[in-house]
Amino acid sequence: MSYTAHIDTFAFDNLPPAELQPEYVFELPELQFPERLNCAAELLDRHVAEGRGDRLCLQADGVRWTYAELQDKANRIANVLTRQLGLVAGNRVLLCAPNNPMMVACWFGVIKAGGIAVAAMPLLRAKELSTIVDIAQISHALCDDALRAEVLGAQQKSPVLKSVCFFNVRAEDAGSLEALMDSASPHFEAVATAATDTCLLGFTSGTTGVPKATMHFHRDVMAACACWPQSMLRAHADDVFVGSPPIAFTFGLGGQVLFPMSIGASMVLLEKASPPLLLDGIEKFGATVVFTAPTSYRVMAQQGERIRQTRLRKCVSAGEALTASTRALWKDATGIEIIDGIGSTEMLHIFISHREEDARPGATGKAVPGYCAKVVDEQGNEVPPGTVGKLAVLGPTGCRYLADSRQTQYVQHGWNLTGDAYLMDADGYFVYQARTDDMIISAGYNIAAPEVENALMAHAAVAECAVIGEPDSERGQIVKAFVVLRAGHAAGDAMARELQDFVKRTVAPYKYPRAVAFVDQLPRTATGKLQRFRLHGQ
Ligand code: 3UK
């Protein structure tokens, strides 16, 4: 890691020192990488060079691009960036757009040019974008015109962002990215970056505090493609991938862009992918592989018959724990066994998962080949099967926060600590309990907030709920539930008592919520994750 091909060495200079980085393991033969590697050349140019340029790569409403067509766009963008906008290798480029074809073309253009892609969630406002620009010292931005006002607002706050160019501009505009691309050459040789040069910064979804930028190398992108998709997903070149998460979220980037392209398959991009629109997309484009979150499967399951008529054959769930009931609901409705997987922005993608035939309801699975996982106690010692502790993982990818002291929380003794409480059962399956912060300790009992939530969710009156530990002088903490009721059910003491009794009947009675509050909605991140910490003190 002492070598960089970047001219702007900001990323290289801000890597965590070697002693604070996790250990890496590269035992699999497919994880032997050359010293120089550009992941955009591997994922895109290789297919064209090997004669697959005419294969379908990407579809969206009114758009069908082959690999050669995507390469043409990416090359023009790389030329615009380097010849007209002054980009040098190592510069950071903000990419801001809903999931659409130009967003993907820009991602490849930036990385071919040796730049570092920093994709931002399309819902972010000027202030949040400016925080990202400042942390990553971003010099260039390529953005969808629909987000113009927020991006210009961010530029005003953060002058380090010197060049902003918009695409998908409706009006005639000589400065639009497409206009600049028209006069640029369609040829561009990918910059020969080091395998250990950073190619993307992924911002954490921000459950607390200032967002952290995770640094991923060209090598990490190829490692993510070589591990989980090969051993667990097992898709093939004729598959059509679709999904709901934003490409700015590494779950979405992998599932919708990197993994299909790593095997010469194709992707479908949906700008909006709420459950009904995702289902429309699966139908319309004949998608065969879908990536989405448990909540989305629960809603789509209501249309089981419609799904059975589509070409859908592989369903991946990540982002949040998949309960046994959601797995069963989907299987009954569609006949398809969901592939669950836990991944994180820090690890880039999924590291514990299973094949369909090895699904164990309620468990996430086993370490993905290429990764190792264990459950440890406070001192970092492995605990026996059946004991709840902290999940620790190691693999070819790992956590590197850009200049952030929180590195020492995620990486300890060379292992990545994801912040999740897990247990490993007697057969080696990892069973999710809670985020470590969401383990409630009440009168000496360990209570996992999600377990109480799942118990409450089974009640017909409950639409949504969140459970936290509230400080209590007698018990240390008590279990408190925030409940959103379904239409037609009245909040009040009688309902609170009914829910408490209901929980006592389904899980160990000491886990019941001693406090119940009724609310209209729950705080969530842009990726839809519950932000339980925001309920503290309410
Ligand atoms: C939780 C899960 C139980 C867990 C992600 C796949 O979610 C992703 O990244 P984030 O950084 O969050 C990471 C945290 O989310 N989680 C994710 N998947 C599961 N919990 N079961 C699961 N299947 O707390 C984890 O530490 O937003 C997921 C691929 C790439 C990703 N970035």
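The values are calculated or read from the model by the stated rules, or taken from the named source; none is laboratory data. Keep in mind that this is a model prediction, so the values were computed, not measured. Here the Cβ is made from the backbone with ideal geometry for all residues, glycine too, and neighbour counts use every protein chain on show. The accessibility values were calculated without ligands, DNA or RNA, using every heavy atom of the protein model including side chains. Shrake-Rupley method; radii C 1.70, N 1.55, O 1.52, S 1.80 Å.
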Exactly one condition in (1) touching a strand residue (DSSP E or B) at 6+ places or on another chain (Cβ under 8 Å); (2) under 22 Å from Ala224 (Cβ atoms) is not met by Asp45; state its number.
-> (1)
Check Ser183, Ser244 and return the single one that is polar (S, T, N, Q), open to solvent by 10 Å² or more (accessible area, probe 1.4 Å), without any contact (Cβ under 8 Å) to a residue 60 or more places away in the chain and closer than 20 Å to Leu123 by Cα.
-> Ser244
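Give me a count of the residues in the stretch 380-400 that are of a type outside the set (Val, Ile, Thr) and either assigned to a loop (DSSP other than H, G, I, E, B) or within 18 Å of Ala224 (Cβ to Cβ) (or both). Lay out the reasoning, then the answer.
Taking the stretch 380-400 and keeping what is of a type outside the set (Val, Ile, Thr), we get 380-382, 384-386, 389-392, 394-396, 398-400.
Checking the rest, the ones that are also either assigned to a loop (DSSP other than H, G, I, E, B) or within 18 Å of Ala224 (Cβ to Cβ) (or both) come to 380-381, 384-386, 394-396, 398-400.
Count: 11.
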Find all pairs meeting these conditions: Cβ atoms under 7 angstrom apart; at least six residues apart or on different chains; first residue within the stretch 478-495 and in contact (Cβ under 8 Å) with a residue 12 or more places away in the chain; second residue among the aromatic types (Phe, Trp, Tyr) and surrounded by fewer than 19 Cβ atoms within 10 Å (Cβ to Cβ).
-> Val483/Phe518; Leu485/Phe518; Ala491/Phe518
Kindly list the number of the only condition in (1) in a loop (DSSP other than H, G, I, E, B); (2) among the hydrophobic types (A, V, I, L, M, F, W, C); (3) within 13 Å of the ligand (Cβ to nearest atom) that fails for Phe291.
-> (1)
Selection within the stretch 287-303 - surrounded by 15 or more Cβ atoms within 10 Å (Cβ to Cβ) and modelled with pLDDT of 95 or more = Ala287, Thr288, Val289, Val290, Phe291, Thr292, Tyr297, Met300, Ala301, Gln303
Which number in (1) in contact (Cβ under 8 Å) with a residue 12 or more places away in the chain; (2) within 14 Å of the ligand (Cβ to nearest atom); (3) more than 30 Å from Ala359 (Cα to Cα); (4) surrounded by fewer than 19 Cβ atoms within 10 Å (Cβ to Cβ) marks the one condition that Gln412 misses?
-> (2)
All but one of (1) surrounded by fewer than 16 Cβ atoms within 10 Å (Cβ to Cβ); (2) in contact (Cβ under 8 Å) with a residue 60 or more places away in the chain hold for Ile468, so report the exception by its number.
-> (1)
Go through the stretch 8-32 residue by residue and tally those that are under 30 Å from Leu87 (Cβ atoms) and not hydrophobic (A, V, I, L, M, F, W, C).
-> 8
When you go through Ala89, Ala126 one by one, which is the residue that is modelled with pLDDT under 95 and on the phi < 0 side of the Ramachandran plot?
-> Ala126
Checked Ala74, Ala97, Ala117, Ala141 against criteria (crowded, with 24+ Cβ neighbours inside 10 Å, at pLDDT 95 or above and farther than 17 Å from Val164 by Cβ); the one match is Ala74
Qualifying positions in the stretch 432-461 - near the ligand (Cβ under 10 Å from one of its atoms) and among the aliphatic types (A, V, I, L, M) = Ala434
